[in-house]
Structures are given as structure tokens and as C-alpha cells.
Amino acid sequence: MDALTLFIIRHAEKPDDGWPGPGFTADGVSDTESLVLRGWQRAGAWAALFGTDLAKGDYARPDAIYAATPGTTPNRGPSSRPAETIVALAARLGATPNEDFGKGHEPALIKALLALNGVVLLCWEHKAIIADILPLIPVSKGKPPTKWESSRFDVVLRFERAKGDDKFAFKELFPKLLSGDSDKPLGD
């Protein structure tokens with residue numbers, strides 16, 4: 001197998017998760033399936049972290065970006081939040097994100113991701129990350145979380161597979177990009 005670093009992040013903040021204000025699209029249209037202001041700020045922070053050479057070591061620049069297929073009609077699912085969370089990063093990198101996989105298609109998504117090499121960033125919904133994505137990633141070192149608190153948007157899950165290996169080493173990262181972000185592991 002080829003070397004692969006896979007970063008998994010949750011979409012940024014959404015309405016009714018402790019952050020005031022409505023969700024809205026990049027065009028300012030009110031939308032319950034979009035990010036709130038704090039979420040748009042986090043999307044910019046992810047772009048700065050992963051889209052520059054400022055962060056070395058744990059946070060490599062992605063060669064490919066994946067997000068769940070977004071909805072096209074405001075205030076009706078599916079959620080646009082994963083795609084909105086990575087739009088600034090994709091623009092900064094001059095990349096076209098892969099949004100071909102929707103929620104419910106996680107087995108096909110993981111099969112496609114595990115066949116890649118280089119550095120890949122995936123943005124998804126936290127419940128599906130825990131229940132439908134993490135169990136499909138073979139890990140030989142480290143223990144991925146089994147719970148993701150609904151109030152946490154600030155964590156990076158890093159999986160690294162060396163060339164020739166078929167399993168990943170796992171590390172949970174806490175970049176603390178915005179005020180109030182935590183360095184407490186998920187599930188604690």
C-alpha cells in the first residue's frame with residue numbers, strides 16, 4: 001500500500017449548538033443547514049492551518065479534500081455544512097473538493113479514500129464519523145474515539161499509513177484555532 005495521511009474533521013459550528021445566530025450560506029441567505037458565523041470563522045481557521053506552510057509537522061497540506069455532498073435547497077437537507085467548512089481551504093489550495101459521496105455512503109467513501117496516497121482531508125458529520133467511518137479504518141497504533149461530543153468542532157483526527165503498511169497510526173490533535181477551543185480528548 002502507498003503512504004497515506006488522512007485527516008478527519010467535523011463540519012464547523014451550526015445553528016442551535018450554543019452559538020447565537022442563524023445559519024447562512026456564503027451568499028448570506030438564511031439556511032438552517034448552513035454554518036453560523038462562528039462556523040464560517042472556523043472554516044477560515046482551517047484554511048489557514050491546512051492551507052499554508054505556517055503549520056508544520058502534524059498539519060500537512062492536503063493533496064485532496066473530501067466533504068459530504070451538500071444540499072442545494074436552503075433550509076432542507078442534506079446539510080451544506082461539511083462542504084462550507086472546506087470551501088475556503090479548497091480555494092486557497094486551488095483544489096476542487098470531492099463531494100461525490102453523501103451521508104449514508106460511508107463504506108464506498110472509505111474504500112475510495114484507503115486507495116489513495118499522499119495527504120487527504122475529509123470533512124463530515126460527527127455522528128457518522130464515529131459510527132460509520134472510524135470503524136472502517138484499520139488502526140494498529142493509537143485508539144480512535146468512540147464518542148464525539150456535539151459541542152466539539154475543534155478536533156483533528158490524524159491517521160497515518162506508511163508505505164507498505166495496511167494499517168494506520170492514529171493521533172488526536174487539538175490545534176486550538178479559536179477562543180474557547182479545547183485540548184481535551186474526545187469522549188473525556
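Values in this text are rule-based calculations from the coordinates and carry no lab data. Note that the structure is a prediction, hence the values are computed from the model and not measured. Cβ: placed from backbone, ideal geometry, glycine included. Neighbour counts: every protein chain shown.
Ordering Glu160, Glu149 by the number of other Cβ atoms within 10 Å of each residue's own Cβ, fewest first, gives Glu149, Glu160.
Once the Cβ-Cβ distance of Asp63 and Asp16 is raised to the sixth power relative to R0 = 45 Å, the FRET efficiency obtained is 0.85. Given contacts defined as C-alpha pairs under 8 Å and at least six residues apart, what's the relative contact order of region 93-188, whole-number percent? Computed over region 93-188, the figure is 22 percent. Region 84-131 and region 1-36 have Cα centres lying 13 Å from one another. When the charge dipole of region 8-67 is built from unit charges on Cβ atoms (+1 for Lys and Arg, -1 for Asp and Glu) and taken about the Cα centre, the candidate among Ala48, Thr25, Leu37 whose Cα reaches farthest toward its positive end is Ala48. Magnitude of the charge dipole for region 27-99, about its Cα centre and with charges confined to Cβ atoms of Lys, Arg (+1) and Asp, Glu (-1), is about 160 debye. Structure remark: mean-square fluctuation, Gaussian network model of the chain, C-alpha springs under 10 Å; the largest value among Gly77, Gly118, Gly23 belongs to Gly77.
Residues Val119, Val155 in ascending order of nearby Cβ atoms (within 10 Å, fewest first): Val119, Val155.
Spin-label model, Val139/Ser151: points 7 Å from Cα along the beta carbon direction are separated by 2.3 nm.
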